[in-house]
Amino acid sequence: MSAISLLNETLQNKWSFETTMKIQEEMIPAMVEGKDIVAESPTGSGKTLAYTLPILNKVDGNKKQTQALIVAPSQELAMQIVEVIRDWTAGTDITVQQLIGGANSARQIEKLKKKPTIVVGTPGRLNELARQGKLKLKEIETIVLDECDQLLSREYRVVVKSFIENAAFGRQVVVVSATITEEIKLVAERLMFEPISIEIKPEDMVKFGKVVHSFVKVEERDKTDMLRRLANIEGLRGLAFVNNIDQVLMKQNKLEYRDAPIVALHSDMKKDERKKALDAFRKGEARILIATDIAARGLDISGLTHVIHVDVPRTIEQYTHRSGRTGRAGADGEVLTLLSYKDEKTFKKWLRDLSLKGVQKVWTQGQLVEGNAKTVNSKAATAANKASEKKPYQPKSNKKGMTFSKKKEK
């Protein structure tokens with residue numbers, strides 16, 4: 001029996017997929033039972049519907065009370081969750097309101113006065129409105145932390161903890177992410193009541209493509225130019241990760257100056273600027289989107305051929321999380337690392353710990369090919385020699401087999 005059969009008739013009638021994902025089969029029944037949950041599942045495995053459908057099944061749109069809170073670390077992820085909920089609640093009394101930074105606070109307060117059924121937001125803005133008494137946490141019965149490895153990190157932990165502690169007595173708490181460390185599990189469990197643990201591995205998913213983990217050795221100062229070259233490869237569609245916002249801004253400025261088909265996403269951008277960049281990437285006007293991990297959290301981008309680690313991730317969880325963006329829905333993909341000398345040791349450790357084989361590549365003749373500079377140059381030289389050996393003799397004259405000499409004047 002499918003987990004969808006546990007939902008109300010309205011939701012069952014709206015279900016249009018051929019099958020459910022494994023995370024949905026495990027999470028939906030547990031949420032319907034009211035259990036607290038810690039769920040780890042790969043990017044693109046169907047986590048959003050796994051928690052939104054049970055929430056929609058539980059809340060009452062006729063009740064003038066905010067009953068569920070979904071917290072996301074980025075504006076983009078929050079907006080995507082809101083779009084999913086709006087699709088599923090069309091024609092019902094259930095309402096949803098997004099509360100994110102960068103948007104008009106006064107307008108959000110006015111919306112809160114109407115008591116939306118579900119609120120989706122980022123930690124900063126939610127905390128601001130809760131402290132002002134505009135967001136009534138004590139009414140909230142269900143709290144979901146999407147990308148909990150970010151939300152329960154030291155940066156947000158105190159704020160997020162206050163959301164849970166000030167919610168209704170007996171509230172249900174669900175935390176989900178593609179990667180959850182033991183530390184995050186411990187923090188989460190302290191805020192929950194006898195949580196159940198759900199872990200979905202990539203091989204448990206219905207469809208997953210072959211993903212090649214490759215690297216190209218490049219000097220730190222040459223990484224921006226390598227991005228420019230990659231952006232000119234026909235058919236490439238890549239999400240490029242940089243470790244800090246300063247590097248995103250620097251690379252964005254240099255690449256825009258050279259008219260490279262690249263856009264950037266970072267926290268200093270205004271809402272309309274972020275939307276413009278994402279639209280350009282989704283439409284194919286830009287081949288590469290450069291972002292930090294936080295800015296790219298939860299982005300729903302289909303058809304990525306490449307994930308590019310411009311900077312080697314600081315943790316193995318980061319490497320896994322980034323890399324999971326490609327090879328989705330049965331499509332093949334490539335995870336390419338721009339590897340400078342100082343990061344070789346760390347990179348090789350990540351691959352070893354993940355039991356992955358790294359394929360070295362080198363840039364030659366306008367493309368990336370497997371091998372290193374020595375082997376590729378050797379092949380090119382061999383090919384050139386063979387070509388010269390086979391080259392037929394071509395006389396200088398246009399008339400084959402005839403030669404001319406100038407007669408000496410007497």
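The values are calculated or read from the model by the stated rules, or taken from the named source; none is laboratory data. What you see is a predicted model, and the numbers here were worked out from it, not measured in a lab. FYI the Cβ positions are ideal-geometry reconstructions off the backbone, even for glycines, and counts take in every protein chain you see.
Side notes on the structure shown:
- Complete set of residues in region 1-20 that are farther than 14 Å from ILE55 by Cα, part of a loop (DSSP other than H, G, I, E, B) and either hydroxyl-bearing (Ser, Thr, Tyr) or modelled with pLDDT of 85 or more (or both): SER2, TRP15, SER16, THR19, THR20
- Residues in region 22-46 that are crowded, with 22+ Cβ neighbours inside 10 Å and in contact with a Leu (Cβ under 8 Å, 6 or more places away or on another chain): GLN24, ILE28.
- Restricted to region 204-259, and to residues there that are touching a helix residue (DSSP H, G or I) at 6+ places or on another chain (Cβ under 6 Å) and within 30 Å of LYS22 (Cβ to Cβ), the residue that is modelled with the lowest pLDDT is PHE208.
- Every condition in (1) outside any loop (DSSP other than H, G, I, E, B); (2) more than 19 Å from the chain's Cα centre (by Cα); (3) not polar (S, T, N, Q) is met by ALA103 except one, and the failing one is (1).
Table: residues versus (1) farther than 20 Å from THR326 by Cα; (2) in a strand (DSSP E or B); (3) not charged (D, E, K, R).
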site: ASP225; (1), (2), (3): yes, no, no
site: LEU230; (1), (2), (3): no, no, yes
site: LEU239; (1), (2), (3): no, yes, yes
site: GLU256; (1), (2), (3): yes, no, no
site: ALA264; (1), (2), (3): no, yes, yes
site: ARG274; (1), (2), (3): yes, no, no
site: ALA280; (1), (2), (3): no, no, yes
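- Selection from region 241-250 of residues that are part of a helix (DSSP H, G or I) and surrounded by fewer than 22 Cβ atoms within 10 Å (Cβ to Cβ): ILE245, ASP246, GLN247, LEU249, MET250
- Any hit, region 129-144, residues being modelled with pLDDT of 95 or more, buried (at least 22 other Cβ atoms within 10 Å of the Cβ) and not β-branched (Val, Ile, Thr): no
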